[in-house]
Amino acid sequence: MKYTCKYSKRIVALLVLLSSVPTVMGQSAEYVKRVVCELSDEGMYGRSCAHKGDSLAAEYIAGQLREMGVKPLAEGYMQKYLTDLYSVDGECSLSINGRQLKPYDEFRIVPIRTWTGSLWSNSSWQQKSDGIVYMAVKQLSMQVPIKPSADDLLQWYVQVLDSSELFQPRKIEGVMHVNLHRDYVTQNVCGYIEGESDSTVVFTAHYDHLGMMGDKVCFHGAHDNASGVASVLGIAKHYSTMGKKPHYTTVFMLFSGEEAGLQGSKYAVEHPLVDLKKTKLVVNLDLLCGGAEGIMIVNGKGEETQPFVKRMQAFNEKEQLLPEIKLRDNAANSDHWWFSQHCPAIFIYTLGGRYGDYHSPYDTCDKCGIEDSYEKVVRVILNFEF
Ligand SMILES: [Zn+2]
């Protein structure tokens, strides 16, 4: 394993985007599904620093907002900030006793912070080879972003899925390149539609994901969270084609840096582009591919958020749209968190339905069922208003 600060650049053909104007809801569902597929395409490289996938996704999102006539909240819609990220680039291979293992399915690179004592004691063997510690486990840890911290610099581990044929490793051959991108420039994408009132309602979603594991494994992130971004863009399309101003000034913020610790939304709250004192409600959408069993509203039990949530529930009851609207206490589990310290902010994710495996390369567009539930979910969400 070697550490460098370079990564190869590749010229990426930009997606040619088809435009559509939704006149009926069916076309909106079609539009959001198309956005999910385009954002989770391999050409976005898992929307992290690998091949600057985050910037490709940001440009795509800004292009959509521009086409709808949504006004920018920063130059070119981009609120830029610096962060540190790691990527796993180029060849990523491992063979044990002459057998090539499948990246992700049979081995994963894990940063030290996810390493726990119990996993260590459960590993059937550990071996150091060329400075990399390999260890065999019965179950691989969940893929998490490789996020820099002082500890992470100490050691990387490669988890190998234990199988009897590998029980006694005689020969380990691995090629992996973990690259540090220090002061990496990334961006939140922010726009707004002027309303009758200068009070704001803010719709948010994170567009970043886990990048790549070498040049062959892409973390597509359809459910997490191309689906939330597509839904925010669907809502922007709804307001921009309504033919009249919305009641509140309606703001759209699409964040990067969520996977590596809610960094984009933290920056957005610390460097606000809108007056948070005039913000009536923040609606954060993350994991929207499902919905057959309804939705969960995180921070839906708070005193400040109750009036909005009750209105959504009453509307849902009347219209019989979703089987259930569940409520949870607040938690720092998505981008609503920093906002919730300043103004009413909720986080909505879908329950049940169709979506690919969380934080795996199998979270792909074809497994995403957003077209089944989008219209119902959005009709409920948009009934926050007085
Ligand atoms: Zn995630």
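Just to verify a result, which residue in the range 300-331, among those that are assigned to a loop (DSSP other than H, G, I, E, B) and in contact (Cβ under 8 Å) with a residue 40 or more places away in the chain, is nearest to the chain's Cα centre (by Cα)?
Top of the filtered list is GLY300.
Find the residue count for the range 302-351, including only residues that are of a type in the set (Lys, Arg) and more than 25 Å from LEU254 (Cα to Cα).
Residues flagged as of a type in the set (Lys, Arg) and more than 25 Å from LEU254 (Cα to Cα) within the range 302-351 amount to 3.
Quick check on VAL251: is it crowded, with 24+ Cβ neighbours inside 10 Å and either within 16 Å of the ligand (Cβ to nearest atom) or in contact (Cβ under 8 Å) with a residue 24 or more places away in the chain (or both)?
Taking the combined requirement at face value, the residue does not satisfy it.
Looking at this structure, is LYS266 of a type in the set (D, E, K, R), out of contact with any Ser or Thr (no Cβ under 8 Å at 6 or more places or on another chain) and free of Cβ contacts under 8 Å to residues at least 60 places away in the same chain?
no
Answer yes or no: is there a residue in the range 363-383 that is in a loop (DSSP other than H, G, I, E, B) and touching an Asp or Glu at 6+ places or on another chain (Cβ under 8 Å).
So far as the range 363-383 goes, yes, one or more of its residues are in a loop (DSSP other than H, G, I, E, B) and touching an Asp or Glu at 6+ places or on another chain (Cβ under 8 Å).
Would you be able to say whether some residue in the range 218-226 is away from the ligand (no atom under 16 Å from the Cβ) and buried (at least 16 other Cβ atoms within 10 Å of the Cβ)?
Looking for residues that are away from the ligand (no atom under 16 Å from the Cβ) and buried (at least 16 other Cβ atoms within 10 Å of the Cβ), one finds none in the range 218-226, hence no.
So PRO246 fits all but one of (1) surrounded by fewer than 24 Cβ atoms within 10 Å (Cβ to Cβ); (2) within 16 Å of the ligand (Cβ to nearest atom); (3) closer than 19 Å to ARG379 by Cα; what number is the exception?
The number of the failed condition is (2).
Do we find a residue being touching a residue at least 40 places away in the same chain (Cβ under 8 Å), within 13 Å of the ligand (Cβ to nearest atom) and either over 17 Å from GLY191 (Cα atoms) or more than 17 Å from the chain's Cα centre (by Cα) (or both) anywhere in the range 276-287?
Yes - at least one qualifying residue is present in the range 276-287.
Considering GLU258, GLU270, which residue is out of contact with any Pro (no Cβ under 8 Å at 6 or more places or on another chain) and more than 16 Å from the ligand (Cβ to nearest atom)?
Selected residue: GLU270, the only one of GLU258, GLU270 that is out of contact with any Pro (no Cβ under 8 Å at 6 or more places or on another chain) and more than 16 Å from the ligand (Cβ to nearest atom).
Check the range 198-205 and report whether any residue there is outside any helix (DSSP H, G or I), buried (at least 22 other Cβ atoms within 10 Å of the Cβ), within 16 Å of the ligand (Cβ to nearest atom) and not hydrophobic (A, V, I, L, M, F, W, C).
Scanning the range 198-205 turns up at least one residue that is outside any helix (DSSP H, G or I), buried (at least 22 other Cβ atoms within 10 Å of the Cβ), within 16 Å of the ligand (Cβ to nearest atom) and not hydrophobic (A, V, I, L, M, F, W, C).
Out of GLY221, GLY243, GLY214, I need the residue that is of a type outside the set (Lys, Arg) and free of Cβ contacts under 8 Å to residues at least 12 places away in the same chain. Which one?
Unique residue meeting the criteria: GLY243.
Hey, could you check the range 316-329 for residues that are out of contact with any Lys or Arg (no Cβ under 8 Å at 6 or more places or on another chain) and surrounded by fewer than 18 Cβ atoms within 10 Å (Cβ to Cβ) and say which is nearest to HIS342 (Cα to Cα)?
Among residues in the range 316-329 that are out of contact with any Lys or Arg (no Cβ under 8 Å at 6 or more places or on another chain) and surrounded by fewer than 18 Cβ atoms within 10 Å (Cβ to Cβ), the one nearest to HIS342 (Cα to Cα) is LYS326.
Is there a residue in the range 238-250 that is closer than 16 Å to PHE347 by Cα and of a type in the set (D, E, K, R)?
no
Cβ-Cβ under 8 Å, sequence separation 6+ or interchain: first residue in the range 344-358 and assigned by TED's automatic domain parsing to the domain that holds PHE219, partner assigned to a loop (DSSP other than H, G, I, E, B) and among the β-branched types (Val, Ile, Thr). Which pairs?
PRO344/THR305; ALA345/THR305; ILE346/THR305; GLY356/THR364
Of all residues being aromatic (Phe, Trp, Tyr) and touching a helix residue (DSSP H, G or I) at 6+ places or on another chain (Cβ under 7 Å) in the range 238-270, which is farthest from CYS343 (Cα to Cα)? Just the residue, please.
PHE255
Does ALA332 satisfy being surrounded by fewer than 17 Cβ atoms within 10 Å (Cβ to Cβ) and aliphatic (A, V, I, L, M)?
Taking the combined requirement at face value, the residue satisfies it.
The values are calculated or read from the model by the stated rules, or taken from the named source; none is laboratory data. Everything numeric here is computed off the predicted structure, so don't read it as measured data. Every residue, glycine among them, receives a Cβ derived from its backbone with ideal geometry; neighbour counts consider all protein chains shown.
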